[in-house]
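Enquirer: Just passing along the structure, written as structure tokens.
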Amino acid sequence: MSAIYNFCAGPAMLPAAVMKKAQQELLDWNGLGVSVMEVSHRGKEFIALTKQAEADLRELMHIPQNYHVLFMHGGGRGQFSAVVNNFLGNQGRALYLVSGQWSSAALAEAQKLVGDAQIDSLNIVEKHNGLNAVVLPELHKIDADYRYVHYCPNETVDGIEIFDELDSPWPIVADLSSTIMSREIDVSCYGLIYAGAQKNIGPSGLSIVIVRDDMLKLPSLPQSSIMDYRLAVEHDSMFNTPPTFAWYLAAEVFAWLKSIGGVASIAKINQQKAQMLYACIDANPFYKNGVVAANRSQMNVTFQLADESLDGAFLKEAEAAGLVALKGHRIVGGMRASLYNAMPLEGVAALVTFMNEFAAKHYK
Ligand code: PLP
């Protein structure tokens with residue numbers, strides 16, 4: 001069978017080497033004669049796995065000692081509510097920066113839960129010559145006392161990425177679901193980072209939370225115990241039975257990333273992949289991307305065909321060529337190619353070849 005390249009925005013491809021290893025040890029993990037899914041999460045073998053996973057993640061992301069690393073349930077959206085419940089209390093105030101679909105969804109969830117606390121929001125996307133551009137606000141000039149400012153540096157649906165670090169007088173809470181480990185970030189700039197696992201880490205359902213120690217002193221709202229950061233810290237992310245298979249795969253992905261040189265090394269490849277694809281889009285009048293160069297996402301490349309009546313043919317022919325899941329999100333339409341860490345350069349090269357051939361055939 002020839003190669004299939006999966007451009008799905010999530011759940012996404014996992015590294016081939018990880019999938020192969022997982023397949024080999026599916027029925028016999030660690031010489032125990034059973035699957036990793038069948039052993040106690042409190043047994044010494046699984047505990048060793050969790051310690052190694054945390055150590056590897058700390059090394060990959062250079063996480064300082066005053067941050068806790070949590071492996072939680074509930075994916076990205078689970079954290080939309082956890083952040084509010086853990087940090088706002090009854091009288092707190094928070095600011096949400098809106099740059100696309102996911103930051104809007106986080107804001108909507110916060111507004112739903114806020115009770116007597118207060119949520120402010122700021123739209124940070126403007127049109128520059130018809131293209132979406134992020135304009136970061138001068139937060140120091142805002143006269144308010146926020147518990148945190150929430151933002152999403154990569155909008156998976158809209159294909160918008162914010163590469164500049166946010167300069168904030170308040171703790172920054174960041175949704176890194178589709179950014180984490182794709183490029184280097186300075187963890188010490190954040191009060192809390194969260195990420196659904198299903199893009200650069202592992203299977204859906206799991207979420208990674210990296211939280212600075214002092215954030216846990218903020219007054220919280222009554223909430224479900226399994227989403228309580230303080231309990232998660234106290235119980236080493238095992239207040240209840242954790243998603244063990246997802247945790248295992250995440251551990252394998254961290255080990256794989258270390259083996260190929262870590263985040264700095266994959267970041268270079270990610271940059272190369274995105275450049276190849278945007279160059280193809282820019283060179284062909286048949287394709288169009290609606291984001292200014294400085295905010296074009298490296299992980300989720302969105303594009304439209306000049307003639308949208310050809311969308312169906314594009315997707316069908318791409319699939320026949322082994323290039324799958326290129327349909328854009330239902331809210332924005334068009335196409336989207338997600339280029340997470342597991343997507344090899346060859347996958348993007350194959351997509352570029354296909355797009356050039358499709359344009360030559362259909363665009364006169
Ligand atoms: N935040 C971002 C940036 C996402 O891309 C997604 C999902 O794709 C989510 C949050 C929601 O994640 P989940 O579906 O795991 O709740």
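The values are calculated or read from the model by the stated rules, or taken from the named source; none is laboratory data. Being a predicted model, the structure only gives us computed values, none of them experimental. A quick note on method: Cβ atoms are made from the backbone with ideal geometry, for glycine too, and the neighbour counts reach across all protein chains shown.
Enquirer: Please go through segment 52-92 and give me each residue that is among the charged types (D, E, K, R) and more than 22 Å from Glu165 (Cα to Cα), ordered by number.
Expert: Answer for segment 52-92, where residues must be among the charged types (D, E, K, R) and more than 22 Å from Glu165 (Cα to Cα): Glu54, Asp56, Arg77.
Enquirer: Follow-up question, since we're still on this one. Which of the residues that make up segment 135-157 are touching a strand residue (DSSP E or B) at 6+ places or on another chain (Cβ under 7 Å) and not aliphatic (A, V, I, L, M)? Outline the logic, then answer.
Expert: Initially, segment 135-157 is screened for residues touching a strand residue (DSSP E or B) at 6+ places or on another chain (Cβ under 7 Å), giving 135, 137, 139, 144-154, 156.
Result: Pro137, Asp145, Tyr146, Arg147, Tyr148, His150, Tyr151, Cys152, Pro153, Asn154, Thr156.
Enquirer: Could you please let me know if Tyr248 is closer than 23 Å to Leu14 by Cα and in contact (Cβ under 8 Å) with a residue 12 or more places away in the chain?
Expert: Against the criterion (closer than 23 Å to Leu14 by Cα and in contact (Cβ under 8 Å) with a residue 12 or more places away in the chain), Tyr248 qualifies.
Enquirer: Of all helices (runs of 4 or more DSSP H) completely enclosed by segment 1-93, which ones contain at least 2 residues that are of a type in the set (Val, Ile, Thr) and in the same structural domain as Ala255 (by TED's automatic domain parsing)?
Expert: Per the criteria, 44-61, 75-87.
Enquirer: Here is a further query. I need every pair where a residue in segment 256-267 that is surrounded by 15 or more Cβ atoms within 10 Å (Cβ to Cβ) has its Cβ under 6 Å from the Cβ of a residue that is outside any helix (DSSP H, G or I) and among the hydrophobic types (A, V, I, L, M, F, W, C), sequence separation at least 6 or different chains.
Expert: Close Cβ pairs (under 6 Å, with a partner that is outside any helix (DSSP H, G or I) and among the hydrophobic types (A, V, I, L, M, F, W, C)) amount to Val263/Met181.
Enquirer: Just to verify a result, which residue in segment 102-117, among those that are in contact (Cβ under 8 Å) with a residue 40 or more places away in the chain and within 11 Å of the ligand (Cβ to nearest atom), is farthest from Asp214 (Cα to Cα)?
Expert: By that ranking, first place goes to Trp102.
Enquirer: Let me ask you something else. Given the conditions (1) in contact (Cβ under 8 Å) with a residue 40 or more places away in the chain; (2) more than 16 Å from the ligand (Cβ to nearest atom); (3) farther than 23 Å from Ser259 by Cα; (4) surrounded by fewer than 21 Cβ atoms within 10 Å (Cβ to Cβ), report the number of the one that Cys8 does not fulfil.
Expert: For Cys8, the exception is condition (2).
Enquirer: Might you let me know whether segment 122-129 holds any residue that is free of Cβ contacts under 8 Å to residues at least 60 places away in the same chain, crowded, with 18+ Cβ neighbours inside 10 Å and either out of contact with any Leu (no Cβ under 7 Å at 6 or more places or on another chain) or farther than 29 Å from Asp56 by Cα (or both)?
Expert: Yes, some residue in segment 122-129 is free of Cβ contacts under 8 Å to residues at least 60 places away in the same chain, crowded, with 18+ Cβ neighbours inside 10 Å and either out of contact with any Leu (no Cβ under 7 Å at 6 or more places or on another chain) or farther than 29 Å from Asp56 by Cα (or both).
Enquirer: Something else: For a quick check of your reading: which strands (runs of 3 or more DSSP E) sit entirely within segment 96-156 and have at least 2 residues that are at negative phi and hydrophobic (A, V, I, L, M, F, W, C)?
Expert: 118-123, 131-134
Enquirer: Can you go through His41, His68 and tell me which one is touching a residue at least 40 places away in the same chain (Cβ under 8 Å) and surrounded by fewer than 19 Cβ atoms within 10 Å (Cβ to Cβ)?
Expert: When all the criteria are applied, what remains is His41.
Enquirer: Can you confirm whether segment 184-206 contains a residue that is closer than 30 Å to Val114 by Cα, in the same structural domain as Asn85 (by TED's automatic domain parsing) and touching a Phe, Trp or Tyr at 6+ places or on another chain (Cβ under 6 Å)?
Expert: Taking every residue of segment 184-206 in turn, at least one turns out to be closer than 30 Å to Val114 by Cα, in the same structural domain as Asn85 (by TED's automatic domain parsing) and touching a Phe, Trp or Tyr at 6+ places or on another chain (Cβ under 6 Å).
Enquirer: A further question on this structure: When the residues of segment 329-349 are narrowed to those that are among the small types (Gly, Ala, Ser) and in contact with a strand residue (DSSP E or B) (Cβ under 6 Å, 6 or more places away or on another chain), which ends up surrounded by the most Cβ atoms within 10 Å (Cβ to Cβ)?
Expert: So, considering only residues that are among the small types (Gly, Ala, Ser) and in contact with a strand residue (DSSP E or B) (Cβ under 6 Å, 6 or more places away or on another chain), the one surrounded by the most Cβ atoms within 10 Å (Cβ to Cβ) is Ala337.
Enquirer: Does segment 273-303 hold any residues that are assigned to a helix (DSSP H, G or I) and either touching a strand residue (DSSP E or B) at 6+ places or on another chain (Cβ under 8 Å) or surrounded by 23 or more Cβ atoms within 10 Å (Cβ to Cβ) (or both), and which are they?
Expert: If the condition is that a residue be assigned to a helix (DSSP H, G or I) and either touching a strand residue (DSSP E or B) at 6+ places or on another chain (Cβ under 8 Å) or surrounded by 23 or more Cβ atoms within 10 Å (Cβ to Cβ) (or both), then Lys273, Ala274, Leu277, Tyr278, Cys280, Ile281, Ala294, Asn295 are the ones that fit.
Enquirer: Considering each residue of segment 71-96, count those that are within 11 Å of the ligand (Cβ to nearest atom) and surrounded by fewer than 17 Cβ atoms within 10 Å (Cβ to Cβ), and give that number.
Expert: Residues flagged as within 11 Å of the ligand (Cβ to nearest atom) and surrounded by fewer than 17 Cβ atoms within 10 Å (Cβ to Cβ) within segment 71-96 amount to 1.
Enquirer: Can you tell me how many residues within segment 304-358 are β-branched (Val, Ile, Thr), within 21 Å of Ser2 (Cβ to Cβ) and not in a helix (DSSP H, G or I)?
Expert: 1
Enquirer: Residues of segment 152-168 being surrounded by fewer than 21 Cβ atoms within 10 Å (Cβ to Cβ) and more than 16 Å from the ligand (Cβ to nearest atom), which ones?
Expert: Within segment 152-168, Asp164, Glu165, Asp167 qualify.
Enquirer: Is it the case that some residue within segment 302-323 is closer than 24 Å to Ala133 by Cα, under 19 Å from the mean Cα position of the chain (by Cα) and not β-branched (Val, Ile, Thr)?
Expert: no
Enquirer: On the basis of being without any contact (Cβ under 8 Å) to a residue 24 or more places away in the chain, within 30 Å of Thr302 (Cα to Cα) and within 16 Å of the ligand (Cβ to nearest atom), does Ser99 make the cut?
Expert: no
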